[in-house]
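No value in this document is a laboratory result; all are computed from the given coordinates. This is a predicted model, so every value here is computed, not measured. Reconstructed Cβ throughout: ideal geometry from the backbone, glycine too, with neighbour counts over all protein chains shown.
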Amino acid sequence: MKALLAVLMTAVLAAAAGPARADTELTFYYPIAVGGPLTKVIDGLARDFEQEHPGIKVHPIYAGNYDDARIKALAALKAGQPAQISVLYSIDIYELLEQDIIVPWDAVATTADDKAWLKAFYPALMLNGIYKGKVYGIPFQRSTIVLYWNKDAFREAGLDPDRPPATWNEMTQMAEKLVKKDASGNVVRWGVEVPSTGYAYWMFQAFARQNGHDLMNRDGNRTYYDNPDVIAALQYWRDLGAKYKVMPEGTVEWGTLRQEFTEGKTAMMWHTTGNLTAVKNSAKFPFGVAMLPASKQRGSPTGGGNFYLFKKTTPAERKAALTFVKWMTTPERTAEWSIATGYVGTRPDAYETAKLKEYAEGFPQAVVARDQLKYATAELSTFQTGRVRKLLDDAVQAALTGAKTPAAALKAAQQEADRLLRPYR
Amino acid sequence: MNVSGNRILPLETGAAWLLALLWLSPLLYAFWAAFHPAELATHFRLLAPLTLQNFAKAWTYAPFPRHLLNTVILVTMILAAQFVLCTLAGYAFARFEFAGRDIAFGLVLVQLMVMPEVLIVENYRIMAHLGLVDTIIGIGLPYMASAFGIFLLRQTFKTVPRELEDAARVEGCGFLGVLWRVYVPLARPTYLAYGLVSVSYHWNNFLWPLIVTNSVTTRPLTVGLAIFGAPESGVDWAVISAGTIMAISPLLVAFLLFQRQFMQSFMRAGIK
Amino acid sequence: MKHVYGWLLLTPAAILLVGFTHYPAAATLIDSFFSTATAVRPSRFVGFGNYASLAADPVFWKVLGNNFRFALGTIPTSIALAMVMALWVNRRLPARGLVRMAYFTPTVLPMIAVANLWLYFYTPQIGLLDKIGALFGAPSHNWLGDPDTVLACTMVMVVWKEAGFFMIFYLAALQTLPPELQEAASIEGASRWYFFRRVTFPLLMPTTLFVLVNATINSFKLVDHLFIMTKGGPDNASSLLLYYIYQVAFSFFDTAYASTLTVVLLLLLAGLALAQFLLIERRVHYR
């Protein structure tokens with residue numbers, strides 16, 4: 001009788017303990033900007049996290065580039081497929097707000113520890129992620145534009161190989177010396193190249209900021225394309241090709257620029273710091289990395305992706321998402337990610353870790369982007385961001401190819417942008 | 001007899017060969033870039049060493065085997081469905097008189113002009129409603145009823161002599177039995193031709209699969225190749241060439257082995 | 001009785017056809033009269049409002065113009081080239097099989113792969129085209145970055161891909177021509193050009209019509225290369241209508257405007273089909 005009771009008790013207790021808690025599943029879309037092997041890194045990180053946090057399953061989905069990731073994530077949400085977090089363009093924030101699909105991290109980051117974590121990132125990188133005082137985007141893979149220069153080419157042209165240009169004038173003069181022509185007068189090496197396909201507006205933001213003006217306001221409903229300083233900045237960019245002849249005329253292809261640099265077809269290039277590791281692996285000459293030159297001031301837009309939290313999530317999922325994102329952005333992991341990709345370490349204490357300190361000593365180019373953060377500005381982002389950005393891309397390309405003057409191109413773009421943004425004021 | 005039309009002048013031969021060489025050069029170029037180290041991609045030193053490292057790199061950059069599997073599944077699924085649906089429909093148009101037949105046929109032919117790719121906005125919405133976004137069947141569904149297939153099979157079935165059908169009827173076949181026993185076997189060349197055309201088309205299709213798929217487990221080779229070929233921070237030619245060659249080799253090898261059949265299929269499809 | 005069977009057999013195919021061709025076409029038309037729904041504002045009837053925006057959109061006109069130029073550039077060229085290729089391959093050309101294979105190979109490649117290869121061709125300085133040009137002393141040119149040359153460059157690439165495909169159809173047709181015609185012509189001392197112009201070409205008309213229809217549809221459908229090469233740039237110089245539709249629908253999420261653009265595309269395709277049939281029908285010579 002006693003035995004039977006014991007068995008019954010055990011059964012009841014076992015039943016009362018309930019079924020094993022279902023795992024919380026996190027699906028997230030992410031873009032990789034620097035080529036495939038990093039998908040393995042992300043997968044590895046996901047596995048490591050799952051081991052440390054049983055009960056949460058993570059499904060990373062590689063979506064292509066930033067545009068692809070946004071399209072895919074939004075399409076999935078529209079189609080009713082689950083995605084709880086995603087790494088998306090930092091500048092997609094207004095689009096996501098308008099579609100009402102994200103929630104601020106402040107809502108979930110309630111403990112004191114969480115709040116400290118929110119404050120641990122570089123302020124410049126938080127700019128694009130904050131709207132009306134709330135944090136919507138956690139920096140993950142962020143970059144700035146930097147100037148790469150070919151030290152051998154500098155030496156050959158009689159310039160000091162360790163001194164990059166610090167101002168626009170210096171850049172123009174040095175570039176003029178660096179242009180190399182062959183016997184029939186064709187250029188075999190340009191002085192400097194700035195890409196104008198792919199993310200033309202991003203490169204242009206740097207010029208504009210350096211000439212003293214930002215391109216949009218903080219509320220995402222006004223652009224300043226036709227400000228005189230901005231027009232002058234585009235004129236300078238155009239002059240590099242048309243007047244000073246240190247850059248090819250027409251548009252410069254984003255995708256092939258890195259290879260042109262590593263093959264010595266251009267002595268300097270402006271490009272994302274995300275290219276750093278790739279350049280390091282393929283350049284056969286010593287090269288330097290510097291902050292972009294100043295006109296009235298130094299400046300560069302930030303770029304890259306943030307973690308966003310989607311609205312259609314249960315409280316359990318939100319907690320899991322917070323745990324995951326906090327885990328992904330610890331100083332050590334941030335350091336590892338920065339070393340593997342060349343992206344900026346998103347928090348100051350990442351640079352205090354032994355790993356990154358050691359790396360920076362052996363490869364000082366890695367910290368230039370971080371040093372530039374104090375001059376950094378938010379990336380171009382407004383409501384109707386896709387269209388508003390395309391207007392600027394088109395205007396920049398029109399000016400660089402000589403189809404329109406910079407003033408005409410930018411004024412037309414501003415007019416269209418005003419029309420699009422007026423309803424949001 | 002000296003038929004002037006068939007003799008060919010040496011000048012013309014030369015021109016034809018030159019054009020052929022020109023035509024092959026992009027592909028030959030890609031092979032060069034893929035099998036030589038990255039630095040040599042843009043220089044031509046004939047005796048330069050060969051390497052497979054570009055292929056190794058490309059292999060890690062994108063899950064080509066998975067994409068290949070997806071493509072094979074997709075193409076097979078579409079073809080199977082097309083065979084069934086188009087056979088039934090072609091049979092209906094060829095041998096049955098029913099009210100509204102000609103109008104229906106006209107409506108079918110509309111699809112020759114207005115393909116699913118043109119209607120991406122609406123078709124995507126429909127797929128979302130059906131819950132088929134990011135599935136392989138979602139890619140294939142709009143194509144399974146192929147106007148081209150229906151048209152071809154109708155033409156072929158029309159040429160089958162009635163006596164054969166009558167003979168089968170005498171043996172007690174219903175109309176489906178007649179279809180299976182008489183019409184289908186006789187249309188075998190058409191099926192082969194159509195099959196090759198359909199496989200080539202869907203193997204290489206890009207825009208609609210791009211829109212409908214989100215993840216590695218459903219993307220076909222073309223979409224995988226596009227994503228692989230355009231990472232934000234720049235392209236490495238040698239690796240891109242290697243990846244491209246890996247992606248196109250199944251169909252290319254099939255083509256080279258079965259050239260005659262391929263070309264005859266397209267020819268037959270065209271004559272109809 | 002037979003009526004029912006007929007419709008029964010047709011039904012499976014009909015469901016799919018209506019579902020993915022006819023219904024979406026109608027739905028697109030209807031959608032073009034409404035505004036896009038956002039989270040904040042549901043969709044509402046706007047009549048011809050979207051069409052007014054369309055007419056005022058300079059990018060639309062640019063893209064439409066590009067598409068027409070693209071069609072005009074690729075269709076006659078690829079057809080003419082295809083005819084020449086077929087004529088050559090049809091004769092006793094040495095290494096005929098290889099030549100034929102060379103012409104047809106681009107057809108089996110996906111457009112994406114073609115774009116990958118040609119992007120490299122066109123890269124300034126390090127690309128193949130500029131390297132060959134350098135051998136002759138020509139300066140490097142920014143082929144894809146110059147709005148004056150970019151559309152032409154894409155046209156060359158598309159002709160490369162399509163000519164071999166059309167060649168096959170011409171080959172098939174040439175092989176059905178009776179050899180007696182050739183013999184009769186040579187007896188009468190007709191020159192090859194005369195023979196071609198007066199006999200071969202008219203007899204190839206049905207094939208030309210077929211190829212023409214195909215080529216026209218392709219010129220509006222083929223936008224895959226833009227995803228890899230120029231994304232429509234610089235400043236929309238290489239963009240085509242279907243690519244613009246994709247951008248508006250999936251990058252800007254403005255589905256109503258995308259529907260409006262699609263309606264234009266549908267009307268164009270329908271109109272072109274009609275025009276070709278009416279115009280060429282008269283000149284086709286059927287034996």
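Between the amide H of A:Gln141 and those of A:Gly305, distances stay under 5 Å, these residues lying 5 or more places away or on another chain, with hydrogens modeled in the peptide plane. Here the simple spin-label model places points 7 Å from the Cα toward Cβ, and for A:Asn169 and C:Ala270 these points are separated by 6.5 nm. Between segment C:1-73 and segment A:117-194, how many Å separate their Cα centres? With segment C:1-73 and segment A:117-194 each reduced to a Cα centre, they are spaced 46 Å. As a calculated quantity, the FRET efficiency between B:Leu256 and C:Arg192 at R0 = 41 Å, using C-beta atoms, amounts to about 0.80.
Estimated purely from DSSP H runs of n ≥ 4, each contributing -39500 (n - 2.57), the mean residue ellipticity at 222 nm for the protein assembly as shown is -18000 deg cm²/dmol once divided by its residues.
I'd like the Kirkwood hydrodynamic radius of chain A, using the inverse of the mean 1/r over distinct C-alpha pairs, in Å. Roughly 23.1 Å, rounded to one decimal.
Per residue, the convex hull spanned by the Cα atoms of the protein assembly as shown measures out at 227 cubic angstrom. Counting every other Cβ atom within 10 Å of each residue's Cβ, C:Thr77, C:Thr176 order from fewest to most as C:Thr176, C:Thr77. Hey, for a label at A:Lys243 modelled as a point 7 Å past Cα toward Cβ, could you say which residues of segment A:192-234 have their backbone N under 16 Å away? Only A:208, A:211, A:228-234 pass the distance filter.
The packing ranking, built from the mean of other Cβ atoms within 10 Å per residue, places the peptides C:100-107, A:224-231, C:266-273 in the order C:100-107, A:224-231, C:266-273, highest first. Between A:Leu118, A:Leu178, A:Leu391, the residue with the greatest mean-square fluctuation in the GNM of chain A (Cα pairs under 10 Å linked by springs) is A:Leu118.
With the simple model of a label 7 Å out from the Cα in the direction of the Cβ, B:Arg162 to A:Ala408 spans 7.3 nm. Classify segment A:193-280 as rounded, prolate or oblate, taking a ≥ b ≥ c as the square roots of the eigenvalues of its Cα gyration tensor: rounded when a/c is under 1.5, otherwise prolate if a/b is larger than b/c and oblate if not. Oblate shape, in that a/c is at least 1.5 and b/c is the bigger or equal ratio.
Note on C:253-264: average number of Cβ atoms from other chains within 10 Å of each residue's Cβ is 3.
Ordering A:251-259, C:80-88 by mean Cβ neighbour count within 10 Å, with the highest value first, yields A:251-259, C:80-88. Taking every DSSP bridge with both residues inside the protein assembly as shown, close to 65 percent are antiparallel.
Counting only other chains, and only Cβ atoms inside 10 Å, what mean value do you get across the residues of C:122-134?
Details: counts 2, 10, 9, 12, 10, 4, 7, 0, 2, 3, 1, 1, 4.
The shielding value for this peptide is 5.
Sorted by average packing, counted as other Cβ atoms within 10 angstrom per residue and highest first, what order do A:273-286, C:178-191 take? Write down the numbers at each step before the final one.
Numbers: A:273-286: 18.9, C:178-191: 13.1.
With the highest mean Cβ count within 10 Å placed first, the list reads A:273-286, C:178-191.
Neighbouring Cβ atoms from other chains, within 10 Å of the Cβ of residues in B:92-105, number 4 on average.
Applying 1/(1 + (r/R0)^6) with r as the Cβ-Cβ distance of B:Val84 and A:Lys177 and R0 = 51 angstrom yields a FRET efficiency of 0.10.
With each label modelled as a point 7 angstrom along the Cα→C-beta vector, the A:Asp48-C:Phe48 pair spans 6.3 nm.
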